Amino acid sequence: MPTLDLGVLVSGTGTNLGAILQAIDEGRLDARVRLVVSNKPGVKALDRAAAHGVPSVVIPHKDHATREAFDAAVVAALQSAGASTVVLAGFMRVVTPVLLDAFADRVINVHPALLPAFPGVDAQAQALTYGVRTTGCTVHFVDAGVDTGPIVAQAAVPVLEGDDRDALAARILVEEHALLVTALSWVAAGRVSVVRAAGGRPRVHVRSDP
């Protein structure tokens, strides 16, 4: 049986979901996607799930009066499906402690920048506006802040002359797919832990491969 039972939250095309499913199919990731949850109906990510025989559910956020109520519905669906680790794969909602407490140190996000640089929305455009020569992507555990959780892994991407937002985003996305699968494989192998030292920020320790 796979060692990692995933719940994947999506809002759009689901390319990172596709990367996860492909890695599972090819034996590069010892995991099973138990459920895909979308806050929007009709998105391509749901088609990707269906094509792989993965169950999915739409839980519209507009049907819930608060973020906490929406997250409670998501948690109930994930727990009922048997998910133990949650991946935010292009999920365009800020999650609350309702979800984070239910899956403590088990909510993972991939962000298109080298955090702590350029958190929040449209990090690619932020990088171009600032004029950096190198940006990238980050896989991190989610905490109550916006892209502030402990970092699991990062990959650098050069900013090229003539780059516009879409060209840069496309190159970063290729690295996102690879980095997310790598980080999840570390989690599946039990190599990742969150270390909390007194008076310091939580940090991720990745045990070396034996």
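The values are calculated or read from the model by the stated rules, or taken from the named source; none is laboratory data. Computed from a predicted model, the values in this text were never measured in an experiment. Cβ atoms come from the backbone with ideal geometry, glycine included; neighbour counts cover every protein chain shown.
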In region 121-150, what count of residues is obtained for those that are under 21 Å from V94 (Cα atoms) and surrounded by fewer than 17 Cβ atoms within 10 Å (Cβ to Cβ)? 7
Subset of region 8-36 that is outside any helix (DSSP H, G or I) and out of contact with any helix residue (DSSP H, G or I) (no Cβ under 9 Å at 6 or more places or on another chain) - its residue that is surrounded by the fewest Cβ atoms within 10 Å (Cβ to Cβ): G27
Is it true that R32 is charged (D, E, K, R) and under 25 Å from T182 (Cα atoms)? yes
Is at least one residue of region 61-69 surrounded by 14 or more Cβ atoms within 10 Å (Cβ to Cβ) and within 16 Å of L17 (Cβ to Cβ)? no
Criterion first (in the same structural domain as T15 (by TED's automatic domain parsing), among the β-branched types (V, I, T) and in contact with a helix residue (DSSP H, G or I) (Cβ under 7 Å, 6 or more places away or on another chain)) does T135 satisfy it? no
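Residue check: is V57 under 15 Å from the mean Cα position of the chain (by Cα), in the same structural domain as Q79 (by TED's automatic domain parsing) and in a strand (DSSP E or B)? Steps first, please.
Numbers: under 15 Å from the mean Cα position of the chain (by Cα): no; in the same structural domain as Q79 (by TED's automatic domain parsing): yes; in a strand (DSSP E or B): yes.
No; evaluated as a whole, the condition is false for this residue.
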By residue number, the members of region 75-99 that are over 17 Å from D143 (Cβ atoms) and in a helix (DSSP H, G or I) are A76, A77, L78, Q79, S80, A81
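Can you name the strands (runs of 3 or more DSSP E) wholly within region 100-210 that have at least 2 residues being more than 22 Å from D5 (Cβ to Cβ)? Can you show your working first?
Working: elements: 107-111, 134-141, 151-158, 192-195, 203-206.
Passing ranges, in order: 134-141, 151-158, 203-206.
Check whether at least one residue in region 65-74 is more than 18 Å from the chain's Cα centre (by Cα), in a helix (DSSP H, G or I) and of a type in the set (D, E, K, R), and report yes or no. Lay out the reasoning, then the answer.
The initial filter retains those residues of region 65-74 that are more than 18 Å from the chain's Cα centre (by Cα), namely 65-70, 72-73.
If we keep only those that are in a helix (DSSP H, G or I) too, we end up with 67-70, 72-73.
Still in the list and also of a type in the set (D, E, K, R): 67-68.
Within region 65-74, one or more residues are more than 18 Å from the chain's Cα centre (by Cα), in a helix (DSSP H, G or I) and of a type in the set (D, E, K, R).
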